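In what follows, a structure is listed as structure tokens, so that the remarks can point back to it.
Coordinate-derived values only; no laboratory data. Note that this is a predicted model, so its numbers are computed, not measured. Backbone-built Cβ (ideal geometry, glycine too); neighbour counts: all protein chains shown.
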């Protein structure tokens, strides 16, 4: 199987796959995502669609995992026949887009629950069929950095749970998972990021934007809030 993405969450997924005795055909991501793993082939790309042929040639099982991945899959990859599964931090369809931004808005809205969602990638952004989801609580006084860490752990746990199911059955249709928060659906991208300072009067703004030690890992979010 192939992995596309970056960061610790991606490499935890890769390591778990290897520890499970499953083959990792290739890891694809920006140059900064490369680690000292000579046993894992790495393909540098800032646009995954420019390396669609390389992904198709490297795949031995037709399965691609998108983990902590900011690149958007378009026709060049989607037309290869590869099945792409994305681990999204957020309930779908309510919180599509950039997870770190969506979580701020969820906390501003007073949400008491968020989730990790596994979905199959289609032509839209976070619009593909949901395969599995795993909710987690947001405490009324939890700051953002605590909730985000809890969410990332939930994302990894969801991946661990679904990996053997997808690996065993290329046509795995997922679990019965109703749409979560469909009535409050929205897309949280760069425009939503820019608008965040407009919500300073929200009583939840302080804890919803308390990045804590994670500020250095979320430079765009930190800059928008500065």
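Taking every C-alpha pair closer than 8 Å and separated by at least 6 residues, the mean separation divided by the residue count of the range 109-224 gives a relative contact order of 27 percent. In the chain, the longest principal axis of the Cα atoms and the axis of helix 144-168 are about 30 degrees apart. Would you mind telling me which residue in 54, 191, 113 has the biggest mean-square fluctuation in a Gaussian network model of the chain, where springs connect alpha carbons within a distance under 10 angstrom? Top of the fluctuation ranking is 191. Relative contact order of the chain: 19 percent, from C-alpha pairs under 8 Å at least 6 residues apart in sequence. Taken over the chain, the percentage of Cα pairs per 10 Å bin, counting from 0 up to the bin with the maximum distance, is 8, 33, 36, 19, 4, 0. For the chain, the antiparallel share of DSSP beta bridges with both residues in that region comes to about 40%.
For the range 129-226, the Kirkwood hydrodynamic radius from C-alpha pairs, put into Stokes-Einstein at 4 °C and a viscosity of 1.567 mPa s, yields a diffusion coefficient of 81 µm² per second. Compared with the dominant principal axis of the Cα atoms in the chain, helix 7-19 is inclined by about 40°.
Mind ordering 115-128, 87-100 by average Cβ neighbours within 10 Å, highest first? Write out the running numbers ahead of the final one.
Working: 115-128: 19.6, 87-100: 23.7.
Final packing ranking: 87-100, 115-128.
Where the alpha-carbon atoms of the range 19-69 are placed on the principal axes, they occupy 29, 25, 19 Å, in descending order. The Rg/Rh ratio of the range 1-108, with both radii computed over alpha carbons and Rh defined as the Kirkwood radius, is 0.98. When Rg and the Kirkwood Rh are both derived from Cα coordinates, the Rg/Rh ratio for the range 84-133 amounts to 0.97.
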